[in-house]
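Only one structure is covered here, and it is reproduced in the block below.
Computed from the coordinates by the stated procedures, all read-outs in this text should not be read as laboratory data. Being a predicted model, the structure only gives us computed values, none of them experimental. Ideal geometry is used to build each Cβ from the backbone, glycine not excepted, and the neighbour counts take in all protein chains shown.
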Amino acid sequence: MTIVYLDNAASTPMDPRVIEAMLECCGPGGDFANPSATGHEPGRRARARVEQARAEVAHLVGAAPEQVVWTSGATEADNLALFGAARFHRAKGRHIVTSRTEHPAVLDSCRQLEREGFEVTYLKPGPDGIVQPSQVEEALRSDTIIVSLMHVQNEIGVVHDVGTIGRICRARGVLFHVDAAQGAGKLPIDVGRDCIDLLAVTAHKVHGPKGVGALCVRREPRLGLVPLLFGGGQERGLRSGTLPTHQIAAMGRTFAIAAEEMSLDAGRISGLRDWLWRALSAVPGVLLNGHPTQRVAGILSVTIDGVEGETLLHALGDLAVSSGSACATTHAEPSYVLRALGRSDRLAQSTLRLSLGRFTTREEVELAARRITTEVTRLRSIAPAAAPMPAA
Amino acid sequence: MSDPRYSAAVCRRVLELPGSAPLPADAVVAAGAAGDVEHGARVELRFQVAEGRILRGQFRAFGCPHVIAAASWVTDRLRGKDRDALATWDWREAADALEVPPAKFGRLLTVQDAVRDAARNWPVTPGSTV
């Protein structure tokens, strides 16, 4: 059975050009050496690869290379940002502002910080899934030290106005952390222009490898962070551990390609997404989740009334789609994001996230629309109706 | 690759939906229902009854694949049975036949409730003492 992959918000296939860059750092004769071992030529070549990648990642987000700290992914970057900044600045204040629809990497970190004595305000997004800058401004207090808000919401794809929020935070002297796991490489973001002090990014959401990410940390003026990992003192002491040259080089290539092709990709993918939405919206009882236009190209979240989500997902065995955030699908509970938007438990469970990527084709999208329409019609045909079952 | 969460029997029933075809318009029917769509599972059953026994069944269901498969399965399993068999039918029979995981056992109670509701609604036929 051929599977149509529409779960690019969970992870993407690596771009062949990225695989090539990675392989150049793996085998004998390649740039595989420890980049900290600069006492010999292979180590210096590996270091050069790491620094090239650092510049490529920095370029995509408007940062200087020295702002980039390598991590194992966005989750670690989020943890380093929140724990590192909160613990360093705790004498200044203990209040943090975030939203109810953040990724668990942020929400669970905030819950841990609450156990450590911090107070967290969880902002409720509007029915369109967006937290407005005015909500952030109203939540700030004299003891607020950090605002943490995601750029692109991973389940429904809405985009936050991080520039306006960043300027509000900067004016109030509050640190601004942005989880850009779903946005970096897909939408323009600039840590300088948008007044972002801490930006978490990852490679695997934009056709790079899993297991590598970065935290961009404001340098001017210098922002204090307490590290999470201790050991070799790599990354200026902020993240100890041997740098994985092959993953970092691949992430650099990933972000360099994204910088070149972002607008091309976004235009093509949003065209496919719009076509898919038009096809699905022709089915009665199909609802769009999130703001209709303030959204990233690749994510379409639809609630389908009258079918049970687990059964629909099972029936669509030839489509790789998600019923919600991949990080949440091990839990049986309805999506907390969709519930925060006001969807009932039943509707939240009857939701599909279809996420498109660079390699998604028109044929795949057309097939997905046909399959979803067919299965929804079939499953609704056996669903209890308000009226008694008809006889033949 | 098959989905390990569901047995082959569950997969087949969800794919083919046996037992979902309507009964004849003039059928004498024992109908039962249980559950609530808002709570994630509802099962509606109709059994065509002739000479005190079930001739065939029809189901409608909203729920997870195990609920749908079990509702389909009882339309086969209870063919030829009488009212007493419905009144005492136990969900464990479907759980065993369909290899339903323990986490889903509670959902099968909805099917059992619908079957027993059909027993309560057994049609009264001329000359019957029921």
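Restricting attention to the stretch A:48-67, the residues being of a type in the set (S, T, N, Q) and in contact with a strand residue (DSSP E or B) (Cβ under 9 Å, 6 or more places away or on another chain) number 1. Of the residues contained in the stretch A:297-309, one or more are found to be within 14 Å of chain B (Cβ to nearest Cβ) and over 13 Å from A:L352 (Cβ atoms). Within the stretch A:126-158, the set of residues being touching a residue at least 60 places away in the same chain (Cβ under 8 Å) and surrounded by 24 or more Cβ atoms within 10 Å (Cβ to Cβ) comprises A:G129, A:I146, A:S148, A:V152, A:Q153, A:N154, A:E155, A:I156, A:G157, A:V158.
Scanning the stretch A:258-292 for residues that are of a type in the set (G, A, S), assigned to a loop (DSSP other than H, G, I, E, B) and more than 22 Å from A:T374 (Cβ to Cβ) gives a single hit, A:G290.
Consider the stretch B:1-59 and keep the residues that are more than 7 Å from every other protein chain (Cβ to nearest Cβ), assigned to a strand (DSSP E or B) and among the basic types (K, R). The one that is farthest from the chain's Cα centre (by Cα) is B:R53.
Surrounded by 19 or more Cβ atoms within 10 Å (Cβ to Cβ), touching a strand residue (DSSP E or B) at 6+ places or on another chain (Cβ under 7 Å), over 17 Å from B:R120 (Cα atoms) and not aromatic (F, W, Y): which single residue out of B:G40, B:G19, B:G57 fits that description?
Just one listed residue meets the conditions, B:G19.
Looking only at residues that are over 11 Å from the mean Cα position of the chain (by Cα) and closer than 22 Å to B:D3 by Cβ in the stretch B:104-120, which one is surrounded by the most Cβ atoms within 10 Å (Cβ to Cβ)? Filtering first and then ranking leaves B:R107. Within the stretch A:293-314, the set of residues being in contact with a strand residue (DSSP E or B) (Cβ under 9 Å, 6 or more places away or on another chain) and in a helix (DSSP H, G or I) comprises A:G309, A:T311, A:L312, A:L313. The selection criterion, being within 11 Å of another protein chain (Cβ to nearest Cβ) and over 19 Å from B:A97 (Cβ atoms), does not hold for B:R83.
Residues are listed down the side, and each one gets a yes or a no for (1) out of contact with any Asp or Glu (no Cβ under 7 Å at 6 or more places or on another chain); (2) more than 30 Å from A:E20 (Cα to Cα); (3) of a type in the set (A, V, I, L, M, F, W, C):
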{"residue": "A:G237", "(1), (2), (3)": "yes, yes, no"}
{"residue": "A:A259", "(1), (2), (3)": "yes, no, yes"}
{"residue": "A:L264", "(1), (2), (3)": "yes, no, yes"}
{"residue": "A:P292", "(1), (2), (3)": "yes, yes, no"}
{"residue": "A:E310", "(1), (2), (3)": "yes, yes, no"}
{"residue": "A:H314", "(1), (2), (3)": "no, yes, no"}
{"residue": "A:A320", "(1), (2), (3)": "no, no, yes"}
{"residue": "A:P334", "(1), (2), (3)": "no, yes, no"}
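Counting only residues that are in a helix (DSSP H, G or I) and crowded, with 21+ Cβ neighbours inside 10 Å, the stretch B:92-103 holds 2 of them. Whether any residue in the stretch A:287-310 is among the acidic types (D, E) and surrounded by fewer than 19 Cβ atoms within 10 Å (Cβ to Cβ) is what I want to check. Yes, there is a match, as at least one residue in the stretch A:287-310 is among the acidic types (D, E) and surrounded by fewer than 19 Cβ atoms within 10 Å (Cβ to Cβ).
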